[in-house]
């Protein structure tokens, strides 16, 4: 995102009404994406939160401290023009969903996976009408074509901003089911993170935690929570 890194030159950042949604203005000048498109988001709540990110910058703008702005840029510059490709990438996780691959041993890890993941697999079958097969080990298991089509349809029905959030949720957790459960309000971001980490947390309980791995996990957790917040603000009512 270095293409839009600048030093602060504005006094005020505010959300504004624009045709097609809500924009962000810096001293009255509309913010644009790295691709020079006008930054227009679907809700005032999201626009106000993005304006808050710009308002909090001091000196050189730090994109790393502006996750909502970066996500909105991605939605406009990448997801909208490549919508079908992004749908395919996200929906593709349904064929190899993390929750469908269980440990062969030990018994305690098998129990933890079943306790955490079975309710989501049952939810997919009963509520999403997309039953998935569960296997033990790493050998790929085929999933019902009808279920994969059903899941793809749900992904394709999302707006570009919703899809942007789902993309990151799924990529971080390795699970389309976890991502959909978050976007539908069935799980919080923290719950989805914990469920995605059952295998890793088991290993840590047995062998201890590597400092570098812990730092990487912390960054991923924050990114997941940022994606949850982006989705909530992009779909806020009123």
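Coordinate-derived values only; no laboratory data. Small disclaimer: the values here were computed from a predicted structure and weren't measured. Here Cβ is always computed from backbone atoms with ideal geometry, including for glycine, and neighbour counts include all displayed protein chains.
For residue 107 and residue 11 in the same chain, what is the full-extension length gain: residue separation times 0.36 nm, less their Cα-Cα distance, in nm?
Extending this stretch completely gives an extra 28.6 nm.
Please compute the length gained on full extension between residue 77 and residue 207, using 0.36 nm multiplied by the number of residues separating them and subtracting their Cα-Cα distance.
Fully extending the segment from residue 77 to residue 207 adds 42.5 nm.
Using the Kirkwood formula over every pair of different C-alpha atoms, what hydrodynamic radius in Å results for region 2-62?
11.6 Å
What percent antiparallel are the DSSP beta bridges of the chain, to the nearest 5?
85 percent
In degrees, nearest 10, range 0 to 90: what is the angle between the Cα axis of helix 145-156 and the longest Cα principal axis of the chain?
Helix 145-156 sits roughly 20 degrees off the main axis of the chain.
Per 0.36 nm of contour for each residue apart, how much would the distance between residue 62 and residue 199 grow if the chain were fully extended, relative to their Cα-Cα spacing?
Full-extension gain reported as 45.9 nm.
If you fit an axis through the alpha-carbon atoms of helix 44-55 and take the longest principal axis of the Cα set of the chain, what angle between them do you get, 0 to 90°, nearest 10?
70 degrees
Send over the per residue convex hull volume for the chain, Cα only, as a whole number of Å³.
About 134 Å³ per residue, rounded to a whole number.
Treat the count of other C-beta atoms within 10 Å as a stand-in for reagent exposure and order 219, 150, 8 from fewest to most.
219, 8, 150
How far apart, in nm, are the 7 Å Cα→Cβ label points at residue 96 and residue 145?
Here the answer is 2.2 nm between the modelled labels.
If contacts are Cα pairs under 8 angstrom and at least 6 residues apart, what is the relative contact order of region 83-234 in percent?
Across region 83-234, relative contact order equals 28 percent.
Return the distance in nm (one decimal) between the two label points of a simple spin-label model at residue 32 and residue 134, each offset 7 Å from Cα along Cα→Cβ.
5.2 nm
Applying a 10 Å radius around every beta-carbon, put 106-119, 12-25 in order of their mean neighbour count, most first.
12-25, 106-119
Mind giving me the FRET efficiency for residue 114 and residue 85? R0 is 35 Å, r the Cβ-Cβ distance, nearest 0.05 is fine.
0.50
Express in whole angstrom the spacing between the alpha-carbon centres of region 153-182 and region 50-81.
20 Å
Rounded to the nearest 10 degrees, what's the angle between the helix 198-207 long axis and the longest principal axis of the chain, both from Cα atoms, 0 to 90?
Taking Cα atoms only, the helix is inclined about 70 degrees.
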